Amino acid sequence: MNSEAVSKIPLQLAQECVVASIQVDLDDRVLRAFRDELLEFVRASGARGVILDLSGVQVMDAVEFGALRDTMRMASLMGAETVVSGLQPGVVSALIDLGADTHGVEATATLDDAFQRMWQLRRGEDSTESDDSENARMVEAPLEEGNDDGRETEMGDGR
């Protein structure tokens, strides 16, 4: 690859959100170019949200995730909420094993869930507040056996 050829990550505007579908191998040059293009797109479009669709990423290390996280923080400083969607199980396992800082990252399983979560964030809702949200169902545990009062119990992760 010559010094000028850098894989581009496509950006689209949908429902006042920039959707970045990342389907390329990430390296420093790709991540820097993506950061610059994304932030300019947010500024120019006035987007209120950014969704990073990572469903096509099969391998990611803690450094690459850190660079994406920094880009998400920058977009937040520009007034755009950020949500990550589609992380593969192997990528999630590797990030946790490598000690990547995932604190505060809004993440969903699918792009549809990401749009739903973005809508919740704009309304100021916690993902567990809305009964009609797929995300809410994903973070709540099923009823415990013997719990006959109809209350759902929360997962043991402090939420």
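For (1) of a type in the set (Lys, Arg); (2) touching a Cys at 6+ places or on another chain (Cβ under 6 Å), each residue gets a yes or a no:
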site	(1), (2)
Lys8	yes, no
Gln12	no, no
Val18	no, no
Gly46	no, no
Ile51	no, yes
Met78	no, no
Gly86	no, no
Asp101	no, no
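Conditions (1) of a type outside the set (Gly, Ala, Ser); (2) closer than 17 Å to Thr108 by Cα, marked per residue:
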| position | (1), (2) |
| --- | --- |
| Gly66 | no, no |
| Met74 | yes, no |
| Gly79 | no, no |
| Leu87 | yes, yes |
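Which of the residues that make up the range 17-63 are among the hydroxyl-bearing types (Ser, Thr, Tyr) and under 16 Å from the mean Cα position of the chain (by Cα)?
Ser21, Ser55
Would you pick out the residues in the range 1-35 that are open to solvent by 90 Å² or more (accessible area, probe 1.4 Å), of a type outside the set (S, T, N, Q) and modelled with pLDDT of 95 or more?
Leu13, Arg32, listed by residue number.
Is it the case that some residue within the range 109-127 is part of a loop (DSSP other than H, G, I, E, B), modelled with pLDDT under 95 and touching a helix residue (DSSP H, G or I) at 6+ places or on another chain (Cβ under 7 Å)? First the steps, then the outcome.
Narrowing the range 109-127 to residues part of a loop (DSSP other than H, G, I, E, B): 109-110, 124-127.
With the extra rule that they be modelled with pLDDT under 95, the set shrinks to 124-127.
So of that shortlist, the ones also touching a helix residue (DSSP H, G or I) at 6+ places or on another chain (Cβ under 7 Å) come out as 127.
Scanning the range 109-127, I find at least one residue that is part of a loop (DSSP other than H, G, I, E, B), modelled with pLDDT under 95 and touching a helix residue (DSSP H, G or I) at 6+ places or on another chain (Cβ under 7 Å), so the answer is yes.
Counting just the residues of the range 44-62 that are farther than 16 Å from Ser85 by Cα and in a loop (DSSP other than H, G, I, E, B), which one comes out least open to solvent (accessible area, probe 1.4 Å)?
Ala47
Filter the range 75-95 for residues that are at negative phi and touching a Leu at 6+ places or on another chain (Cβ under 6 Å); which is most open to solvent (accessible area, probe 1.4 Å)?
So the residue we want is Glu81.
Given the options Phe41, Phe65, name the one that is open to solvent by 20 Å² or more (accessible area, probe 1.4 Å), modelled with pLDDT of 95 or more and assigned to a helix (DSSP H, G or I).
Phe41
The values are calculated or read from the model by the stated rules, or taken from the named source; none is laboratory data. This is a predicted model, so every value here is computed, not measured. Glycine gets a Cβ as well: all are built from the backbone with ideal geometry, and neighbour counts include every protein chain shown. For the accessible areas, the whole protein counts, side chains as well, though only heavy atoms, and no ligand, DNA or RNA atoms are used. Shrake-Rupley method; radii C 1.70, N 1.55, O 1.52, S 1.80 Å.
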